[in-house]
Amino acid sequence: MTTTESEGHAAEGPARRGSAGPQVLTHSGDDLREVFAAATTWLERNAEAINSINVFPVPDGDTGTNMYLTMRATMDEAYQAGSDAADVVARAMARGALMGARGNSGVILSQALRGLADGLSGKARFDALDFATALEQAASSAHRAVRNPVEGTILTVMREVAVAACNRAQMLGVSLRSVLTSAVAAAKEAVAKTPTLLPVLRDAGVVDAGGQGLYIMLEGALRYLRGDAAALAPLAIQDPEYTWLNATATLHGGGESEYGYCTEFLVTGEGLDAEAVLERMVTLGDSVFVVGDEKLLRIHVHTSDPGAAIGYGTSLGELTRLKVDNIQAQAEEFARKVQAGYEPNLAPVSTVAVASGRGLEDVFRSLGVTAIVHGGRTMNPSTQQILAAIDSCPRDEVVVLPNNKNVILTAEQAAQHSKKDVKVVPTESIPQGIAALLALNLESGLRENAAIMGEARHQVRTIEVTKAIRSAVIGGLSVRKGQTIALLDGRLVIAEDIPGNAVRSCLAQAVTPQVSLVTMYYGADTSREEAQTLAAEIKKEYPPLDTEVVYGGQPHYYYIVSLE
Amino acid sequence: MTVRVVTDSTADLSPQTVEELQITVVPQIVMFGQESFRDGVDMTTDEFFERLTKSAVAPSTSQAPVGAFLEIYEALADETDAIVSIHLGSEFSGTVASATAARDALSIACRVEIVDSHAASLGIGFAVIAAAKAAKGGGSLDEVAAAARSVAERQYTLALLDTLEYARRGGRISRIESLLGNLLNIKPIIGIRGETQALGRARTRAGGLKRMFELAMAHPDIVDVGIMHATTPADAEMLADWVRERLPGVPIEIARLGPVLGAHGGPGIMVMVVVEGESRA
């Protein structure tokens, strides 16, 4: 990293403190960029470890992944800044973070980076005290972003970091490195303290994942300042699932493909050659991504001939997790629905829903949703993706249904930055989203509809049945890794061995005389027959209940059940 | 001479109201296959719904023949020289056309004013009641007709359908269907005022009743409320309780829905009518 000595009143630098003080090192926008690039790389290396800190052992929007993807978008923008001035770079980073924010942790991070940019505003160069002051602004900006700030989270860690950094920076002649040394120490201590502040962490026996992510970032920055280049070498492909997530997210986040089918599968074989497969796939279409080793390859391609891609795959070995989505049919189907008159002829406001799973997307479309953002529990969409969906709507008034707790903040961030009039109805599950969409009042405007839809989401209860990704004890319930678990309105209530039994045990807790309808959206890993058998059993057990079985196609979740 | 008021059986007026306000009701025609019945004359509403749910043949309905109107107008012409005849909206039925043809064929000197209510069920019924009261108070033909038109313009009719099956048979739902999708069972709430329009949708009957109630109560300055059911009197009572609580003192008319709407809406249909005050006209 390059540093320059201050001349005391350098034209491009901030005023120096202490007329007769010792030399003060100042840093450029490039330095800022490199420090954060190192923080991002270190975050990437540790993302899986952060992901594994999950209070609920459910496949969920992963904090490590969300923070890393947010930082990657941040750095992409940082390198486009076109200036070496620190404030310009910081502003570009804030913009990148804003648009790339995924999940609650990503949104909080993006607000912190906005605070950092505010703190560095007007400074082409910065010193350690400037940076510490900016960290303070970052902490308070992040705090303001959260409606009900909770202690024991990334917010607490951020605040303690800012305090430690400021204390250290008050001392004359202190370098950025020593400020960061104090910040890292404070972060480590604050993270370790999170379980004492937040009972849910204590019960799960984990620290706060977002706080840990922040600590990791600061540690990465410090390693860079210490010249620990070896630790910051680019990450080798070592985790197919993780790399996959990043790559396909980028592929799908971009523009339209000219090819019709998104085709994805795993090949198990011997001596598989990823390079050769890649070359072959490129001849078939675009958005090609191949990852893995000689025993297992994962392949993604947008092609007009999925048969050829699959045929080629079969020649290499055994195929699993085959998935072909008709990209154009989806678009055409939507266009047809629009022409059919629901939108925009009837609906006074446009609606955007976040959903993953072919069946669930079809349900939302059939009920007239204007746009769908792919994503949900296991892949949280970015602010940018939600914003793009809002902008694609024909109406200037738009309601967004996040359908997941971890997407609400991102949706609100997108809402704030859209030129349209946008309301987020904070739906926390797919059933809540469907209930809200159904309540859309064709006679009313945005505000009234947001209120009606917000009310409607409380009229359903949600059961989600999935597989525990680790062993845990939550609220007195002991869960083994791989066991089926059921969440009732987001609360873990049942651990069972068979998905159907988990649904039934959960119903036993949730069915009241007010419930008249049980709708079961069965996931990608559940067969229609299984779901129908379960529905028949439920009907037998609760004769007054109506049951409906609908294909959801959602990943990781055997069943999403709506009770109303 | 007192102006006389004529309507048809789709107004869903109770026999007491008809008697008390001297209203003349022309029966509409209900057909099961080859068999045809005069609504409320040859077949009671109970008999109709029993047959509706059991019959393999879908019932159809048809407007009363011109002759039926002619007979009634001629009979009334013995007692009056002015008739106001208020009927099912021309958007749904040819009743207004039948009545008009009968008036034009009338050979006796009697003025007949035909009012197209653009409404159904008690939406017509409230207009008829207003007209009959104006007639009873000595109103002129123009005044009586104006009273009917004023109410017809201030009334809003909402219906919750339990199933779309019967509406599909009747071929009357293309505008509504786009709202429903085809993947989930949806109970639509429709507005009947001029043309039929989609107002809302629900997944459960309880949720649908609540939504219809809220949609109805969203109207300002409500002066009359009508609640109609086909086969579910308990639901009608529940809605009435909600209305009493929300709008204390506003009169509520509960009625049994006749076969014509019943044939298209199906047995579980519930209807609410609200009439806004005159300041809203």
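All of the numbers you see were taken from the coordinates with simple rules; none came from a lab. The structure displayed is predicted, hence computed values, not measured ones. With ideal geometry, Cβ positions are generated from the backbone for all residues, glycine too; neighbour counts draw on all protein chains shown.
What is the dipole size for the protein assembly as shown, taken about its Cα centre, with +1 at each Lys and Arg Cβ and -1 at each Asp and Glu Cβ, in debye to the nearest 20?
1920 debye
Which percentage, to the nearest 5, of the DSSP beta bridges contained in chain B is antiparallel?
The antiparallel proportion sits near 65 percent.
Taking the alpha-carbon distance from B:K210 and a cut-off under 20 Å, which lysines remain once sequence neighbours fewer than 8 residues away in the same chain are dropped?
B:K187
Averaged over A:436-446, how many beta carbons belonging to a partner chain fall within 10 Å of each residue's beta carbon?
4
State the answer as a single residue: which of A:G210, B:A216, B:A75 lies farthest towards the positive end of the charge dipole of the protein assembly as shown, with beta carbon charges of +1 for Lys and Arg and -1 for Asp and Glu, about the Cα centre.
A:G210
Below 8 Å between Cα atoms, with a sequence gap of 6+, how large is the relative contact order for region A:257-328 in percent?
Relative contact order for region A:257-328 comes out at 48 percent.
Please compute, for peptide B:196-202, the average count of beta-carbon atoms on other protein chains lying within 10 Å of each residue's beta-carbon.
For peptide B:196-202, the averaged partner shielding equals 4.
Starting with the fewest neighbours, write out B:T80, B:T53 ranked by other beta-carbon atoms found within 10 Å of each beta-carbon.
Taking fewest neighbouring Cβ atoms as first place, the list is B:T53, B:T80.
What is the fewest-to-most order of B:K133, B:K54, A:K123, A:K405 by other Cβ atoms lying within 10 Å of their Cβ?
B:K54, B:K133, A:K405, A:K123
Each label point is 7 Å from the Cα along the Cα-to-Cβ direction; what then is the distance between the points at A:Q170 and B:A105, in nm?
Reported label-point gap for A:Q170 and B:A105 is 10.3 nm.
For chain B, what does the relative contact order come out to in percent, with C-alpha contacts under 8 Å and a separation of six or more?
The normalised contact order for chain B reaches 21 percent.
Please list the non-local residues whose amide H lies under 5 Å from the amide H of B:Q28, H modeled 1.01 Å from N, same-chain partners needing a gap of 5 or more.
Those lying under 5 Å, H to H, from B:Q28 are B:S9, B:T10, B:D39.
Please report the equivalent ellipsoid semi-axes of region A:461-563, computed as sqrt(5 x eigenvalue) of the Cα gyration tensor, largest first, in whole Å.
Over the Cα atoms of region A:461-563, the semi-axes work out to 21, 16, 11 Å.
Kindly provide the helix-only [θ] at 222 nm of chain B, computed as the sum of -39,500 (n - 2.57) over DSSP H runs of four or more divided by all residues, to the nearest 500 deg cm²/dmol?
Theoretical 222 nm ellipticity from helices: -11500 deg cm²/dmol.
Percent relative contact order of region B:4-153, based on C-alpha pairs within less than 8 angstrom and at least six residues apart?
Computed over region B:4-153, the figure is 26 percent.
Let me make sure I get this right: for chain B, a, b and c are the square roots of the gyration tensor eigenvalues over alpha carbons, sorted descending. Under 1.5 in a/c it's rounded, otherwise prolate if a/b > b/c, else oblate. Which is it?
oblate
Taking θ as phi - 60°, what are the ³J(HN,Hα) couplings along region A:488-498 by the Karplus curve (6.51, -1.76, 1.60), each to the nearest whole Hz, with x for Gly and Pro?
9, 6, x, 9, 6, 10, 9, 10, 9, 9, 10
Which value, in debye to the nearest 20, describes the size of the charge dipole of region B:4-153 about its Cα centre when Lys and Arg Cβ atoms bear +1, Asp and Glu Cβ atoms bear -1, and nothing else is charged?
My answer is approximately 160 debye.
If you project the alpha carbons of the protein assembly as shown onto the principal axes, what extent comes out on each, in Å, largest first?
116, 68, 53
Quick one: A:L446, B:L158, fewest Cβ neighbours within 10 Å first, how do they rank?
A:L446, B:L158
Sort A:102-111, A:536-545 for me by packing, meaning the mean count of neighbouring Cβ atoms within 10 Å per residue, highest on top.
Listed from highest to lowest mean packing, they are A:102-111, A:536-545.
Can you say what percent of the DSSP beta bridges in region B:1-121, counting only those with both residues inside, are antiparallel? Round to 5.
That works out to approximately 35 percent antiparallel.
Per-residue mean of other chain beta-carbon atoms within 10 angstrom of the beta-carbon, peptide B:203-214?
Across the residues of B:203-214, the mean count of other-chain Cβ atoms within 10 Å is 4.
Cross-link candidates for A:K467: which lysines have Cα within less than 28 Å, leaving aside residues fewer than 8 places away along the same chain?
A:K295, A:K323, A:K405, A:K481, A:K539, A:K540
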